[in-house]
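The values are calculated or read from the model by the stated rules, or taken from the named source; none is laboratory data. Every value quoted in this text rests on a predicted model; they were computed, and no experiment measured them. All Cβ positions, glycine included, derive from the backbone under ideal geometry; neighbour counts span all protein chains shown. We work out accessible area using only protein heavy atoms, side chains counted, and drop any ligands, DNA or RNA first. Shrake-Rupley method; radii C 1.70, N 1.55, O 1.52, S 1.80 Å.
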Amino acid sequence: MMYSGIFDTHSHYDDDKFNEDRSAVLSSLKENGVCGVINCGCDLSSSLKAIELSEEYDFVYAAIGIHPHEAAKAEENDPEKIKRLFSKEKVVAVGEIGLDYHYDFSPRGVQLEYFEKQIILSMELNLPIIVHDREAHEDTMALLKKYRPKGVVHCFSGSAEMAKEIVKLGMYIGLGGAVTFKNARKPLEVAMVVPGDRLLLETDCPYMAPVPLRGKRCDSTMITYTAEKLAEVRSCQVQQLIDECCTNAKELFKLP
Ligand code: NI
């Protein structure tokens, strides 16, 4: 089935996994129904690459920030160093930023410090944030409640209750390939309670390819499987859901 108006709010086309055919993949997205892509940086160098991609492709926008995994390499990834990059025209968000207590690649204190710094930065810049929260729900909620930034919690892995709290704060919920996985009880409960005007579609490509392509290298066209699953549990038309999510993305990231 062919859909149109697909907006992928979370991608990493700068990833090495696209080194062989990056331009071929990106050039084919539009003819496959993709109208917009946010490419998220994770450190200084991938943020620079995200900006490059946004300058090369009209439908690509950049989010720049320091991911919790990279926060430990403070020297090269000090948020101060990315500050100057926000003057670039197609930088639409601070991200991805957040907390990851699953891998704990960076000490939690540093993760918290970087997350907080970048939330404050987003508010100074009046830009939304793209939040990564893995097994750090409590600390994530505490900071979001303290500052009430605009933005999205991507690849949302919390409970339906937490999703409602996020929505109450005025933020969006990003759902991706995980909703199609066999063990996807929680994300599907979340999918059922998020209001239509707060839902965003995403891939996190090259990772998180949805079933039936799980394990393959993901790209934005695969969002259709996620959209079909979400439409099924929300009892709506797939194209209608894709359109609604596209409208939401344009609203949040202030796009034409
Ligand atoms: Ni990501």
Complete set of residues in region 33-84 that are of a type in the set (Ser, Thr, Tyr) and in contact with a Ser or Thr (Cβ under 6 Å, 6 or more places away or on another chain): 61
Does at least one position in region 103-113 carry a residue that is touching a residue at least 40 places away in the same chain (Cβ under 8 Å) and open to solvent by 50 Å² or more (accessible area, probe 1.4 Å)? yes
Against the definition (at pLDDT 95 or above, in contact with a Phe, Trp or Tyr (Cβ under 6 Å, 6 or more places away or on another chain) and among the hydrophobic types (A, V, I, L, M, F, W, C)), how does residue 242 come out, yes or no? yes
If we take region 163-256, then helices (runs of 4 or more DSSP H) inside it with 1 or more residues that are over 16 Å from the mean Cα position of the chain (by Cα) and among the hydroxyl-bearing types (Ser, Thr, Tyr) are 223-234
Output the number of the condition that residue 42 fails; it satisfies all remaining conditions of (1) free of Cβ contacts under 8 Å to residues at least 60 places away in the same chain; (2) more than 16 Å from the ligand (Cβ to nearest atom); (3) open to solvent by 10 Å² or more (accessible area, probe 1.4 Å). (2)
Report, by residue number, each residue of region 196-215 that is open to solvent by less than 50 Å² (accessible area, probe 1.4 Å) and either among the small types (Gly, Ala, Ser) or away from the ligand (no atom under 16 Å from the Cβ) (or both). 196, 199, 209, 213
In region 60-69, is there at least one residue being farther than 25 Å from residue 248 by Cα and not in a strand (DSSP E or B)? yes
Which of the residues spanning region 5-32 are more than 16 Å from the ligand (Cβ to nearest atom), part of a loop (DSSP other than H, G, I, E, B) and under 20 Å from the mean Cα position of the chain (by Cα)? 5
What number of residues within region 158-195 are open to solvent by 10 Å² or more (accessible area, probe 1.4 Å), more than 27 Å from residue 221 (Cβ to Cβ) and among the small types (Gly, Ala, Ser)? 3
Give region 55-89 a look and list any residue that's open to solvent by less than 40 Å² (accessible area, probe 1.4 Å), farther than 29 Å from residue 137 by Cβ and more than 16 Å from the ligand (Cβ to nearest atom), or say none. 57, 59, 85
If residue 98 meets every condition in (1) at pLDDT 95 or above; (2) within 16 Å of the ligand (Cβ to nearest atom); (3) in a loop (DSSP other than H, G, I, E, B); (4) small (Gly, Ala, Ser) apart from one, which number is that one? (3)
Residue check for residue 184: more than 16 Å from residue 96 (Cβ to Cβ), among the small types (Gly, Ala, Ser) and modelled with pLDDT of 95 or more: no
Per-region count, region 116-157, residues surrounded by fewer than 21 Cβ atoms within 10 Å (Cβ to Cβ) and either within 16 Å of the ligand (Cβ to nearest atom) or not in a helix (DSSP H, G or I) (or both): 6
